[in-house]
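The values are calculated or read from the model by the stated rules, or taken from the named source; none is laboratory data. Nothing here was measured: the structure is a model prediction, and the numbers come from that model. Ideal geometry is used to build each Cβ from the backbone, glycine not excepted, and the neighbour counts take in all protein chains shown.
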């Protein structure tokens, strides 16, 4: 625990530039939420970038047009994102498995194209430029280092909340739902309610991360809503080990770091990521330990 | 209302519809029989186009040779993918294979970029199919007419194969209930491999045919992929007839969108997809309780 | 934290320490942000190579060596933003050049203002860089949307025809160009008979060509680039439109033609600030040297990057320091001559580098005598005509 705390406190000095450390934390926050909906509840959403992006745009637009303090802007971004997450979740959970995934993807793509077209609001594919970084009370957030600790604060809060959620009766109910939906229903849980709640909670984390991202970059690129980001989020959970919470957190941080490192050294880094993706899906599946055990037992 | 103009567009829309049909035939067969959402389908399509480029430009063979060989090449690649990667994940929840094909798609795309370069390669219409045909109401490039006719033939062929032949019956049985089919003695894993290979080959063929009219580049599959998924879902997963029908509908819808609502046409696809998924996931001709 | 988690984090810390912050060096550091992966990589690498060549050719400035540090932004504005931060902060570069993709360039321009270091935007076209998003640390070098649209618009309306049909890529750059094109057209009494907005990466342009055929234009203007331009042109050929009218491209250069082949683009028109046969002293030598080293000729955007790096170093020499404000002041209002611009002038009001603009026509295959020799020069426009009067874009300079 102390090691982790030390690590996080010193992170901005260890990484090559401070904004990188901030970004690692931001994606870790998304990972916490996504692990809840995918790892613990078993719902594969392919459109989570939508909530990340909406949070970012919401925050950015509030900061530019409403000149509100940073915290309020982030809150606005979160609220808007939740308002979108609720209907999407409601509609999507009516189907299971792949249909659920495709529905989330369809909605995310719709949102992407709306943002693309609505240039007056979002800046289209230029992105939303000129997002300011207002002071938070006496604290000046324009320094990258200060902003890092600001984001660290939210990260710690997210971790605590995340751990609380998965260890609570609600979290256990989610796991029960993931394993066997019919049995969960027979015990008395309402699968629909649990699923929607889980979905919206994960959107909350993504939106929070989005708001922090807008502050970090002073700019919201359209890219935040893209399928690539959704894919990255899934990858983080897969590599980290779904349903463990700390696994996805570390995987998220490692992936952000790796991406930055790889793209600075080689031009074919997308290939490595694709390979990594394939390998993680093939090897980090639940069956592997069971298979190994059975093989060993047979011999 | 210029009816002649609209009709011209609608006829032209058949071409777009044809490419969607070709793509979705393979996709729906794989999805229906194996239950695998093959995100790599677009990449296989792209491989078909690059294979055609290699055969025609690098080895100097005739385009007709490409139409025959390249689907086979892509089919073999598909078989290898299935045998060594995809089949290992059948016992796991469906999203594992979805994610696997997702990763394979990126991998194939980037591998092609490294081998052939990222900017795309030139591929022009073969001379014997060049020029235009005067259909009376419009001038249609001969090659595009060729696409429409070939797709028509192929659709019929695939449908007959699945519906009338013994192998087709085995595939249909496997789709309905793979465990039972396995218990009754058919080698279901070999059937699955075959089906994936067939789907891949169809996709590769689509790539070969589309190569002269598209820009052959590493990204070419991505653009059509989501549309293909919409076609499959709207038509009904596993239904050949559904794919053909919805391929035509979607192709025409997009074309109409272009005439009347301009750039919104891209968003229309996703709206349509979402509507179908929510209201009637089985699509037009699929079977119920598939993933509901 | 479990044991496994502990071990992993220890390893991580170790790695991070090892790969940690770069050490400062006593050189002049030129940062290059360009696209090195993805569909535009073959263009992006030419930018980089020109920057490297410029640094090497220049040698030393103020007794220090010139170092070029590159970063790949994959044609993405979000990544460009991050790379700009990394270059300015971690790598401590003195200047950033290139950066194709208008959205990306705007992001980098913002970072230049935040970090108070110069950015010579030589690879992206948007007029916002010297318009509503201008700032004193940014100089737009080489071609820009206004110059492209106006040059072709004014010259084309006089020489090619009055009825124009446009097919536009539906994103920021396309919209910008369309606005500028139609304005130029109107000045010469041309008629805009129709437009289609087409999403990026569209494969099948036949419906739009059909629309165009119906409108019976004299000129078809393709406001797109890369694969979209190729597909649109191919469709125009197939449906016989190319036989009925002329085609103008917003952007077309050697790397775009190499892939599909020159026959597709023969007899098409495009504008640009430079071509290796334009006759400026040093232009042909520069292009030949690049050809010898890399097997292809640089396009005008990359040549602009070479010029930007060179002039930056000259400015450092003149100012006697790499201090950003001093170097910027040495560049503002400065007139210079090099292989790219002869003369070139940097307008202090809005930080755009201006020079004579040319009209090019793509050759037929049989006329192509040497590698990448695709263009004939058919016309030119003066600076005033091509770039408009200073202050046209409402730049309110902020910075220092």
More than 14 Å from every other protein chain (Cβ to nearest Cβ), touching a strand residue (DSSP E or B) at 6+ places or on another chain (Cβ under 9 Å) and part of a helix (DSSP H, G or I): does that describe residue A:61?
yes
Name every residue in the range C:157-181 that is in contact with a helix residue (DSSP H, G or I) (Cβ under 8 Å, 6 or more places away or on another chain) and more than 30 Å from residue A:110 (Cβ to Cβ), in order of residue number.
C:157, C:163, C:164, C:165, C:180, C:181
Flagged in the range A:129-139 as more than 14 Å from every other protein chain (Cβ to nearest Cβ), outside any strand (DSSP E or B) and touching a helix residue (DSSP H, G or I) at 6+ places or on another chain (Cβ under 6 Å), in numbering order, are A:134
Checking residue A:126 against (1) crowded, with 24+ Cβ neighbours inside 10 Å; (2) more than 10 Å from chain C (Cβ to nearest Cβ), which test does it fail?
(2)
Given the residues C:330, C:357, which is the only one that is under 20 Å from the mean Cα position of the chain (by Cα) and surrounded by 15 or more Cβ atoms within 10 Å (Cβ to Cβ)?
C:357
Against the definition (surrounded by fewer than 24 Cβ atoms within 10 Å (Cβ to Cβ), more than 14 Å from chain A (Cβ to nearest Cβ), modelled with pLDDT under 85 and in contact with a strand residue (DSSP E or B) (Cβ under 8 Å, 6 or more places away or on another chain)), how does residue B:7 come out, yes or no?
no
Can you pull out every residue in the range B:122-146 that is within 21 Å of the chain's Cα centre (by Cα), outside any loop (DSSP other than H, G, I, E, B) and within 11 Å of another protein chain (Cβ to nearest Cβ)?
B:143, B:144
Would a scan of the range A:232-242 turn up a residue that is within 10 Å of chain C (Cβ to nearest Cβ) and under 24 Å from residue A:141 (Cα atoms)?
no
Residue check: is residue B:200 in a helix (DSSP H, G or I) and under 24 Å from residue B:61 (Cβ atoms)?
yes
Restricting to the range C:84-102, and then to whatever is within 17 Å of residue C:37 (Cβ to Cβ) and within 14 Å of the chain's Cα centre (by Cα), can you tell me which residue is nearest to the other protein chains (Cβ to nearest Cβ)?
C:101
Leading residue by the ranking (surrounded by the fewest Cβ atoms within 10 Å (Cβ to Cβ)) among those in the range C:103-114 that are over 22 Å from residue A:261 (Cβ atoms) and more than 8 Å from every other protein chain (Cβ to nearest Cβ)
C:113
Search the range A:215-228 for residues being within 12 Å of chain C (Cβ to nearest Cβ) and surrounded by fewer than 24 Cβ atoms within 10 Å (Cβ to Cβ), and hand back the single one that is farthest from residue A:52 (Cα to Cα).
A:218
Taking the range C:221-244, which residues are on the phi < 0 side of the Ramachandran plot and touching a residue at least 60 places away in the same chain (Cβ under 8 Å)?
C:221, C:227, C:232
May I ask you to verify whether residue A:187 is in the same structural domain as residue A:164 (by TED's automatic domain parsing), surrounded by fewer than 22 Cβ atoms within 10 Å (Cβ to Cβ) and either in contact with a helix residue (DSSP H, G or I) (Cβ under 7 Å, 6 or more places away or on another chain) or in contact (Cβ under 8 Å) with a residue 60 or more places away in the chain (or both)?
no
So which residues in the range B:90-113 are more than 7 Å from every other protein chain (Cβ to nearest Cβ) and assigned to a helix (DSSP H, G or I), if there are any at all?
B:97, B:101, B:105, B:108, B:109, B:112, B:113
If I filter the range A:140-149 for residues that are assigned to a helix (DSSP H, G or I), buried (at least 21 other Cβ atoms within 10 Å of the Cβ) and at pLDDT 90 or above, do I get at least one hit?
no
Within the range C:196-219, the count of residues that are in a strand (DSSP E or B) and modelled with pLDDT under 90 comes to 3
Residue check, residue C:254 against (1) within 14 Å of another protein chain (Cβ to nearest Cβ); (2) touching a helix residue (DSSP H, G or I) at 6+ places or on another chain (Cβ under 8 Å); (3) buried (at least 20 other Cβ atoms within 10 Å of the Cβ), all met but one. Which one?
(2)
Sort out which residues of the range C:236-260 are closer than 20 Å to residue C:206 by Cβ and in a loop (DSSP other than H, G, I, E, B), and write them in order of number.
C:239, C:240, C:245, C:260
Spot the failing condition for residue C:330; the list is (1) in contact with a strand residue (DSSP E or B) (Cβ under 6 Å, 6 or more places away or on another chain); (2) part of a helix (DSSP H, G or I), and only one is missed.
(1)
May I ask you to say which residue of A:249, A:239 is within 29 Å of residue C:91 (Cα to Cα) and buried (at least 21 other Cβ atoms within 10 Å of the Cβ)?
A:249
Leading residue by the ranking (modelled with the lowest pLDDT) among those in the range C:220-240 that are more than 10 Å from chain B (Cβ to nearest Cβ) and farther than 23 Å from residue B:127 by Cβ:
C:225
